[in-house]
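Comments concern the structure below.
The values are calculated or read from the model by the stated rules, or taken from the named source; none is laboratory data. Predicted, not measured: the structure shown is a model, and the values here were computed from it. Here the Cβ positions follow ideal geometry from the backbone for every residue, glycine too, while neighbour counts run over all protein chains shown. Protein only, heavy atoms only, side chains kept; ligands, DNA and RNA dropped before computing areas. Shrake-Rupley method; radii C 1.70, N 1.55, O 1.52, S 1.80 Å.
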Amino acid sequence: MRAVLRRHIAGREEEVFKCGELFVDFSKRLVEVKGAPVHLTPNEYDILKMLAQNAGKVVTRQQIMKEIWQKDDQFEGIDHLLRVTISNLRYKIEPFPERPAYVLTEPGIGYRLRSEF
């Protein structure tokens, strides 16, 4: 019985991401900053979810583009779209978008979501 309960609780923890004042509930598709709901576009949410599920790890631009836009061979134009989408996401969730605290850029590689404060 304890093992079943432990697995059930562990599974529920994976449905939520929290770092500082950023809260993401994957099962409800809910994003909050300082307790206030944040309205994201589908692509912004999908990128945030992908980064949150890999929090602390670098996710390459190619991985994001392949997952979000299903492109694996031609990234022209989509790379710019990714940068704009990340910028819009930062504007919505960061306290100071010009100095990101959550969505960090790994120059020449991709992006990383901070896993803790």
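I need the full set of residues from region 90-114 which are of a type in the set (Phe, Trp, Tyr) and open to solvent by 20 Å² or more (accessible area, probe 1.4 Å), in order please.
If the condition is that a residue be of a type in the set (Phe, Trp, Tyr) and open to solvent by 20 Å² or more (accessible area, probe 1.4 Å), then 91, 96 are the ones that fit.
I need every pair where a residue in region 84-99 that is farther than 20 Å from residue 64 by Cα has its Cβ under 8 Å from the Cβ of a residue that is open to solvent by less than 70 Å² (accessible area, probe 1.4 Å) and of a type in the set (S, T, N, Q), sequence separation at least 6 or different chains.
Every condition considered, the pairs that remain are 97/87.
Pick from region 72-89 the residues that are of a type outside the set (A, V, I, L, M, F, W, C) and at pLDDT 95 or above: which of them is least open to solvent (accessible area, probe 1.4 Å)?
Among them, the one singled out is 85.
Among the residues of region 46-58, is there at least one that is more than 18 Å from residue 24 (Cα to Cα), open to solvent by 40 Å² or more (accessible area, probe 1.4 Å) and either at pLDDT below 95 or not basic (Lys, Arg) (or both)?
yes
Being farther than 20 Å from residue 68 by Cβ, open to solvent by 50 Å² or more (accessible area, probe 1.4 Å) and β-branched (Val, Ile, Thr) is the filter; apply it to region 1-45 and report the residue that is modelled with the lowest pLDDT.
Across region 1-45, the extreme among qualifying residues is 9.
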